[in-house]
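Just so you know, all these numbers are worked out from the coordinates, no wet-lab data involved. Because the structure is a prediction, the values reported are computed rather than measured. As a convention, Cβ positions derive from the backbone with ideal geometry for all residues, glycine included, and neighbour counts pool all protein chains shown.
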Amino acid sequence: MNFKNFREYLSWLYFQYLLITGIYVLEPWEKSIFNSVLFSAIAMVVYTSYVFIPIHMRLALEFFHEIFGGQPESTMTL
Amino acid sequence: MGVVFLRARAVTLLGGRQIRLPLISFRTSRLTLYKPRTLIFVKFRVASQSVKMTESSASKLLNGEACQRALRAKNAGKNGFVKNHCVFEHPRKYRRPAEKNQNATSNSSLYKKPFSESFEETPLLVAVLTYMGYGILTIFGYFRDFLRHWNIEKCHIAHEREQQKDFVPLYQDFENFYTRNLYMRIRDNWNRPICSVPGAKVDLVERVTHNYNWTFEHTGKVVKDVINMGSYNYLGFAENTGACAGAAIETTHTYGVGVASTRCEIGNLDIHEELEQLVARFLGVESSMAFGMGFATNSMNIPALTGKVRNLIPFLFLFCFRFLSVEEFWNSACYSLKEKQLFLQRIIYKKKKGCLILSDELNHASLVLGARLSGSTIRVFKHNNMQSLEKLLRDAIAHGQPRTHRPWKKILIVVEGIYSMEGSIVRLPEVVALKKRYKAYLYLDEAHSIGALGPNGRGVVDYFGLDPKDVDIMMGTFTKSFGAAGGYIGGRKELIDYLRCHSHSALYATSMSPPVAQQIISSMKIIMGEDGSTLGADRLRQLSENTTYFRRKLREMGFIIYGNDDSPVVPLMLYMPAKIGAFGREMLKRNIGTVVVGFPATPIIESRARFCVSAAHTREMLDTALEAISEVGDLLQLKYSRRGRPLSSLGWSSEESLLQD
């Protein structure tokens, strides 16, 4: 399929989303309800990951660094 | 040579019990049932080393030899008929090379040409997404029902009145829920009004809806020359010009249009007699009978063949010699109440005549209705699965009727020629072999296959090259290939004479209208070649060419197509609920009229678009249609097939596929 520009490709992708979720058959206001619910759920997921993933990554890295990388410091005898 | 792919699941059933019968003793053994939906690409070639023993043992039986178990292949001749085993042995995992050769060399295949059917399995991702789509739509359905219930929005559909709210609910089952919330949203794809003859091209009335398919309005315009891929017009006889139409007009001038009576009274015209003799000659049977409606042919004649009987003689005996009236009998003290009830039930009105109907899983609603109306026991075998049918036959003969274990009065196997939702053709040689082996009767419904299959257009019996006398009751309709309306039943003279007196349709239904009968007569003569031209042969050849071309092209494009390679009914799988509506609308935008089918005519995730190829379609029309289908397939992402598709960059020829040999 040949798309003249990026906007057409995006609208085709939106059409596929409508078909796969079955929203295509619903009335416009129902589509809006579903889209807003889905969008807010995804936004919440993104926000939570933005807030918590750096903290969790740092803690995980510290944990593993202590197990493997921390050995020479503690068992070194002079 | 012939490679067979089977995904079989071994199921041990009946544990190897030994059952004794007067003449035959056999032992049921491990059975393997294979799901028809798994990837089965089965090819039977003449004189090939087929791994499946089905045809080999069946043809040996037909050649008069005893059927043998695989392990005792060498001692076959010595056993004779005493130890008979399953006609269709089930594919086993361990096979000795010796028996393979023996089976292959000593048979001529039941099938004279390759029988290739395929029902590709639903891709897992597509199935999951389809269920997800249905789930989301169900949630919205509940939401809308809630709004309707609390009167937040107006309810357009039938619902109980205010005074009936405490009664048993009428509209709560899933069918009604589905109709309200899913079917209504895409309803504009069905019941489209047509305003011309439904030939290769048709005119549609344009309609718009302002309240999302609850009501329609006609704009007054007509969509002209829509390529018709939905009409059952296999030989192109749906036309308003030509020899058939001329003859029908003549007949209208002679007889009028209405008959105003039933066949048994004064509605039996000479044109009906001529039609019936012609149909009998066409099919190769002794006699036939024609009815006004195809659905009524099935639903009214199966009860006449396997139905209830009222046995009046013991009734008269009892009341003449013992009691003077029913009240006296009922009030007499010599029998207990239970005895009286049983007596009345069993002797005066025999509920079941002791007939068994074995019908295919996917039989048409008319056959199911006829079987249910007859009151006989119905057992269902898996679609086109001969092992399942054989198992049912063996169980029926071994165990007899449910409580009394008496033998069944008759066993009727009901199958169709072409199954219109699947596009599959019945395995008729095997069914006939089974029927002869187990002494059952065969009812063949050739609604879609008469006129459309076979080198002479005589239907599925002609397609397989069998003898029409093998099929006890040949039923068919005139709606599809003959461009008329009505149905027929053909068979032996005694059977048809019986049906003339006992069929409900003959007694109560109006007989066929004369112009319709004349249309059938003219079209049948054209097909047989008796009108002197080669039009019939041309159309038959054109239909088979169109079918092969259309199916091949769709397979190459990458769609999932169900069914046999020779059937003119082509189901194309859509699966997702939103794509049902989208496909119908997009095809109409490109001026092609298609029929899309969803639940409840098909299983809920297997919705499809069904094309009916016609001899009236020219190559250009098919090319236009194929181009549009490909375009819509790319737009909606319908090319689900995972078989090896030809990649033009690698330079493969278009005929090759990974699974063909």
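Kindly flag which residue pairs out of B:LYS113/B:LYS469; A:LYS4/B:LYS224; A:LYS31/B:LYS639; B:LYS409/B:LYS469; B:LYS439/B:LYS493 have an alpha-carbon separation exceeding 23 Å in this structure.
From the list (B:LYS113/B:LYS469; A:LYS4/B:LYS224; A:LYS31/B:LYS639; B:LYS409/B:LYS469; B:LYS439/B:LYS493), the Cα-Cα distance tops 23 Å for A:LYS4/B:LYS224; A:LYS31/B:LYS639.
Work out the P(r) tail for region A:3-68: percent of alpha carbon pairs separated by more than 16 Å, whole number.
Tail of the P(r) past 16 Å holds 67 percent of the pairs.
Using a cut-off of 19 Å between alpha-carbon atoms, which aspartates and glutamates can reach B:LYS338, once sequence neighbours fewer than 8 places away in the same chain are excluded?
Output for B:LYS338: B:GLU327, B:GLU328.
Could you pull out every residue, at least 5 positions away or on a different chain, whose amide H is within less than 5 Å of the one on B:GLY236? Hs are placed 1.01 Å off N in the peptide plane, and Pro or chain starts have none.
Hits under the 5 Å cutoff: B:ALA615, B:ALA616.
What does the structure give for B:629-637 when I average, per residue, the other chain Cβ atoms found within 10 Å of the residue Cβ? Mind dumping the intermediate values first?
Numbers: counts 0, 0, 1, 0, 0, 2, 5, 4, 6.
Average per residue, whole number: 2.
Below 8 Å, C-alpha to C-alpha, sequence gap of six or more: please give me the relative contact order for region B:397-541 in percent.
16
Restricting attention to region B:124-195, which GluC sites (Glu not before Pro) occupy a DSSP loop and are surrounded by at most 11 other Cβ atoms within 10 Å?
Passing sites in region B:124-195 are B:GLU153.
Just report the Cα centroid separation between region B:445-523 and region B:192-242, whole Å.
28
Pairing the Cα long axis of helix A:28-64 with the longest principal axis of chain A, what angle in degrees results, from 0 to 90 and rounded to the nearest 10?
Once rounded, one gets 10 degrees.
Compute the helix-to-body angle for A:6-21: its Cα long axis versus the longest principal axis of chain A, expressed 0 to 90° and rounded to tens.
Rounded to the nearest ten degrees, it is 90.
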